[in-house]
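Here the structure comes first, spelled out in structure tokens, and everything after it is commentary.
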Amino acid sequence: MSIYSRILGTGSYLPPETVSNDELAARLARDGIETSDAWIVERTGIRERHFAADGVGSVDLGEQAARRALDDAGLTPQDIDMIIVATSTPDMIFPSNAALIQGRLGCPGGAVFDVQAVCAGFIYALSVADQFIRGGMTRRALVIGTEVFSQILDFSDRGTCVLFGDGAGAVVLGGSDTPGVLSTALHGDGRQAAILRTPGRVCGGKVSGHPFLEMDGQAVFKQAVHVLENVAREVLEKAGRSSSDVDWMVPHQANIRIMLHTAKKLGIGPERVVQTVAWHGNTSAASIPLALDTAVRAGQIRRGQTLLLEAVGGGLTWGAALIDF
Ligand code: UT7
């Protein structure tokens, strides 16, 4: 039985269409909605995002990210005995994206399920896979975050539609005698469900309720800066490490102000924070594995380094993971 789980490979995929702030502002202006590149950059750090084409879903993006993570690990789909997908924009009500991706990869037999923890979803999925591997039930897991938030955005709400983008990221997690995932922590506060949600559902063949994302941005902002610092300290303490041991912080890419504020509170300088929000926007559950893979492939993150992952999302949900990469 392996005592630890390790990241064996990373992969990501972005749909080809990019939409700059100016292009988005021009589209919104046609419907009388006013925004600007200057406002979006100043308040969020976002400069552009990717949008999936009509008919492209989160299974399509997730499959590509998974294949790239497998290639990076030097493994084939047949080496995988568990697939966990973090998503809030699945292709179907059921079966899960994990089952659909397993079908595409052609590797039946292992456990497949989705995790719904919105922007904290990847941390949740990673933590679950880590427990299964350390418990001896799983040898190698594909952990995927994939989203098409463009499909649930209300383009008449400038407070939310400028923030999100589409994409996918994945890691292969495998058993190992050396660490690996050092510690994880997961939390939630369902009393705050209303500050960030997409409340619509399918009922009797019709959509019942608002089928678009709605958010009280300031309320989420206030919670985010509070819980992220605490949960980051929690995983450091659990692992007996301090923030000076962290080579790279890989935060959920929602807002540059939240990311750098949290890092500063922890004593981590901006040069040690992976920052992809400018080019990807907020891709919810995909944002951390997408940022991780981008930084690995850019040669920033290297083997042997210590990584601090943290995220907060609808629910509210939040979590962190400390990893020796
Ligand atoms: O991924 C899950 C976690 N989500 C988050 O972490 C998001 C957390 N929240 C945030 O990042 C920020 O609250 C936002 C980026 C969403 C908003 O930034 P803010 O600094 O909190 O702005 P605000 O909501 O207080 O709005 C300030 C002003 C308002 O105008 P008035 O009332 O001052 O006249 C808004 O109407 O900015 C206006 N505004 C905009 N103006 C131009 C809101 N959206 C826009 C826009 N373009 N897109």
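The values are calculated or read from the model by the stated rules, or taken from the named source; none is laboratory data. Computed from a predicted structure; not experimentally measured. Heads up, the Cβs are rebuilt from the backbone with ideal geometry, glycines too, and the neighbour counts pull from every protein chain shown. To get the accessible areas, we keep the full protein, side chains included, count just its heavy atoms, and leave off ligands, DNA and RNA. Shrake-Rupley method; radii C 1.70, N 1.55, O 1.52, S 1.80 Å.
A few notes on this one:
- Backbone HN-Hα couplings from phi across region 205-217 [Karplus 6.51/-1.76/1.60, Hz, Gly and Pro as x]: x, 10, 7, 10, x, 5, x, 10, 5, 10, 8, 8, x
- Only lysine pairs 8 or more places apart, or on different chains, with alpha-carbon atoms under 26 angstrom apart are counted in the chain, and they number 5.
- Computed E for ASP189/MET92 - FRET, C-beta separation, R0 25 angstrom, nearest 0.05: 0.30
- FRET efficiency for the pair ILE33 and CYS203, taken as 1/(1 + (r/R0)^6) with r the Cβ-Cβ distance and R0 = 35 Å, rounds to 0.75.
- If you run the Gaussian network model on the chain, springs between alpha carbon atoms under 10 Å, then out of ALA232, ALA129, ALA185 the most flexible one is ALA185.
- Counted without the sites themselves, the longest stretch of the chain free of trypsin sites (Lys or Arg not before Pro) in a DSSP loop having at most 10 other beta carbon atoms within 10 Å is 31-302.
- Accessible area per residue, Å², region 182-324 with all protein chains present, probe 1.4 Å: 42
- Of GLN275, GLN102, GLN78, the residue with the greatest mean-square motion in the GNM of the chain, using alpha carbon springs below 10 Å, is GLN78.
- Result for the chain in a Gaussian network model with C-alpha springs under 10 Å: among ASP130, ASP157, ASP54, the largest mean-square fluctuation is at ASP54.
- GluC sites (Glu not before Pro) restricted to DSSP loop in region 10-66 with at most 15 other C-beta within 10 Å: GLU17, GLU34
- Two-site label geometry, GLN218 and LYS264: point separation in nm, points 7 Å out along Cα→Cβ: 2.0
- Heavy-atom accessible area per residue - region 113-155, 1.4 Å, Å²: 32
- Gained length - ARG104 relative to GLU42, 0.36 nm times residue gap less alpha-carbon distance: 18.2 nm
- Taking a ≥ b ≥ c as the square roots of the eigenvalues of the Cα gyration tensor, region 182-324 is prolate, since a/c reaches 1.5 or more and a/b is larger than b/c.
- Counting only protein heavy atoms and a probe of 1.4 Å, the accessible surface of the chain is 51% carbon and sulfur.
- Mean ellipticity per residue at 222 nm, deg cm²/dmol - from DSSP H runs of n ≥ 4 across the chain, formula -39500 (n - 2.57): -10000 deg cm²/dmol
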